[in-house]
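To start, the structure under review is shown below, and the notes come after it.
The values are calculated or read from the model by the stated rules, or taken from the named source; none is laboratory data. What you see is a predicted model, and the numbers here were worked out from it, not measured in a lab. Cβ placement follows ideal geometry from the backbone for every residue including glycine, while neighbour counts extend to all protein chains displayed.
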Protein chains: 2
Amino acid sequence: MTVVFFAAGPRAWEQYRDCLPEALAAAGVDARIVTEVEAADRAAVDYIVFAPGGVIEDFGRYPNAKAVLNLWAGVERLVGNDTLTQPLCRMVDPSLTEGMVEWATGHVLRHHLGMDRYITADAPHWDQAFAPLARERRVTILGTGALGAACGQALARLNFPVTGWSRTAKQIEGLTCVTSLEQALDGAEIVVALLPDTPDTTNLLDAPALARLASGAVVINPGRGPLIDDEALLDALDSGRISHATLDVFRTEPLPPEHAFWAHPRITVTPHVAAATRPRTASVQVAENIRRGEAGLPFINLVDRTRGY
Amino acid sequence: MTVVFFAAGPRAWEQYRDCLPEALAAAGVDARIVTEVEAADRAAVDYIVFAPGGVIEDFGRYPNAKAVLNLWAGVERLVGNDTLTQPLCRMVDPSLTEGMVEWATGHVLRHHLGMDRYITADAPHWDQAFAPLARERRVTILGTGALGAACGQALARLNFPVTGWSRTAKQIEGLTCVTSLEQALDGAEIVVALLPDTPDTTNLLDAPALARLASGAVVINPGRGPLIDDEALLDALDSGRISHATLDVFRTEPLPPEHAFWAHPRITVTPHVAAATRPRTASVQVAENIRRGEAGLPFINLVDRTRGY
């Protein structure tokens, strides 16, 4: 009997209490799920299901845990925990990717079409301003992991010319992949940031980077808050160099009510809703990794600690 | 020398004066384009390029014109002109289709994601409401012509289950095609109207039709104004049965400032911008039909007068 410690906290348990046992059974894993572990029983824990804000601080107390399975895609709040020496897997939920593609495609089209002026109009208007075609609109995706690649390809299918930037060279059908950040940013009209939060990506979109974008460019951030230098973004919006920013993620979440982003006329705040991990599909991923661990197979979505994702 | 009478009016001529001659030359047609015709020269006109609001009322005065080539996709303002007995072709501009796909996909995603609440928020908020996935959102396209089929397929590629309704049975990859209007409307959550304006389609979306949609459904009309019964729509919006309507086309355009649509909190008006005929690509279509006419080949996009489109 495999012992799975669901340590993501009681609120998460409410969402997973039905579908995680189902997924484990479907994967053929004979498991016992516990949500609390007495000190004497810690050595019996085989797998830890976790999420930031969960009930474990010292992972060293679970010496026989074969893996920590995170319910979030981002692991930046875990990789700094030195007690976590077990293999760490992040969530790559196919429905999370679907949701992100929908959110990113929707907001790119919103800015491409200039929808806001009609949505917020408070008086009759009949100003026929025609958007250019998507194929005339340069889009850049920063980050070409599972989410960035899927978003870039969805936009490319709508005819947007999409440049995808990543640190390591890649080939992704439909995208122009580059490893030069300057090349990715120069003249881009809509930028979508979908990078993980690592020391290398902090403040990637700083003042010099923003200055490379096309005049009037739009910045969309459904990735991680620290990717953008907040002050540099506010300066670029105030000067009009950047015409709008739609931000779903922030250095502090929930975004504090006094933060300048809320009241800025050129910023749209969405409350970290771009993509949700859905318990049903996420449970299938967790169960698959437990099945693999028990069968001696390599884990999927294993975090590379040297890269930080 | 083929004589082409550009009768779409002086404003249109400003847009076409460069690209139409280029397109005719590229098509290998030896043509002379005129924008005015003396009474004595009317019999010499081979083709008429036209648009509603153009400079011809009596097409009978051009007895030798082999075709009237409309610069608009819609021909409802022409088919009632009894003097127009020549073959009538409507515009099927590939860039018009592209623009329509972008507009329709963008507004479907906007409503699917519930963007407006964030775009119009005037105070800090952190209400995390997660949209269902596209694959859980039922979309119906009314009309599966060139525009409707392309929009439906773009939405299907984003995982929306799309039902396409047309009067005649069709098979379109990715869409569930039906000929029963009731079947198309029952339970639909987002409806996109992309039908031509004919006597058969007038007030297609009337009170009984709107009552079939899912509670809180959204109606999007980039097709033609008369497809919707304006009063029935207002009633359905006021009662909350329909949660929002985004309308790009109207019975009278520009939409009069006093019209109830402007001030309604659940209506977004866009000023007939969903798709623009672009002179460069439209000129290629016009030139191709003139080439065909001169070579004795059948015209493309010939209007069927009995159907009205």
* Structure fact -> From the option list B:Thr306, B:Thr270, B:Thr277, single residue qualifying as at pLDDT below 95, polar (S, T, N, Q) and crowded, with 19+ Cβ neighbours inside 10 Å is B:Thr277
* **Among (1) within 24 Å of A:Gln153 (Cα to Cα); (2) within 14 Å of chain A (Cβ to nearest Cβ) - the single one B:Ala129 does not satisfy** => (1)
* **Test: B:Gly187 is touching a Lys or Arg at 6+ places or on another chain (Cβ under 8 Å), over 26 Å from B:Asp93 (Cβ atoms) and among the small types (Gly, Ala, Ser)** => yes
* To do: Take segment A:68-119 and flag every residue that is of a type in the set (D, E, K, R) and within 9 Å of chain B (Cβ to nearest Cβ).
  => A:Glu98, A:Glu102, A:Arg110, A:Asp116
* To do: Answer yes if at least one residue in segment B:43-55 is without any contact (Cβ under 8 Å) to a residue 24 or more places away in the chain, surrounded by fewer than 20 Cβ atoms within 10 Å (Cβ to Cβ) and either more than 14 Å from chain A (Cβ to nearest Cβ) or not hydroxyl-bearing (Ser, Thr, Tyr) (or both), and no otherwise.
  => yes
* To do: Scan the strands (runs of 3 or more DSSP E) fully inside segment B:210-309 and keep the ones with 2 or more residues being more than 12 Å from chain A (Cβ to nearest Cβ).
  => B:217-221, B:242-247
* Structure fact -> Selection from segment A:85-102 of residues at pLDDT 95 or above and of a type in the set (A, V, I, L, M) yields A:Leu88, A:Met100, A:Val101
* **Evaluation of A:Ala134 against (1) surrounded by fewer than 18 Cβ atoms within 10 Å (Cβ to Cβ); (2) within 11 Å of chain B (Cβ to nearest Cβ) (one fails), failing number** => (1)
* Asked: Cβ-Cβ below 8 Å, separation at least six or inter-chain, first residue in segment A:251-263 and on the phi < 0 side of the Ramachandran plot, second of a type in the set (Phe, Trp, Tyr) and not in a loop (DSSP other than H, G, I, E, B): which pairs?
  -> A:Leu255/A:Phe261; A:Leu255/A:Trp262
* Structure fact -> The lone condition A:Ala104 fails out of (1) within 21 Å of B:Ala134 (Cα to Cα); (2) in contact with a Phe, Trp or Tyr (Cβ under 9 Å, 6 or more places away or on another chain); (3) crowded, with 24+ Cβ neighbours inside 10 Å is (2)
* Structure fact -> Quick count over segment B:189-242, residues being polar (S, T, N, Q) and surrounded by 21 or more Cβ atoms within 10 Å (Cβ to Cβ), is 2
* Structure fact -> Looking across segment A:137-174 at residues that are among the polar types (S, T, N, Q) and within 14 Å of chain B (Cβ to nearest Cβ), the single one that is farthest from A:Gly187 (Cα to Cα) is A:Gln153
* Asked: How about segment A:1-17: which of its residues are without any contact (Cβ under 8 Å) to a residue 40 or more places away in the chain and not in a helix (DSSP H, G or I)?
  -> A:Met1, A:Arg17
* **Criterion (of a type in the set (Gly, Ala, Ser) and under 26 Å from the mean Cα position of the chain (by Cα)) met by exactly one of B:Ala26, B:Ala73, B:Ala31, B:Ala40** => B:Ala73
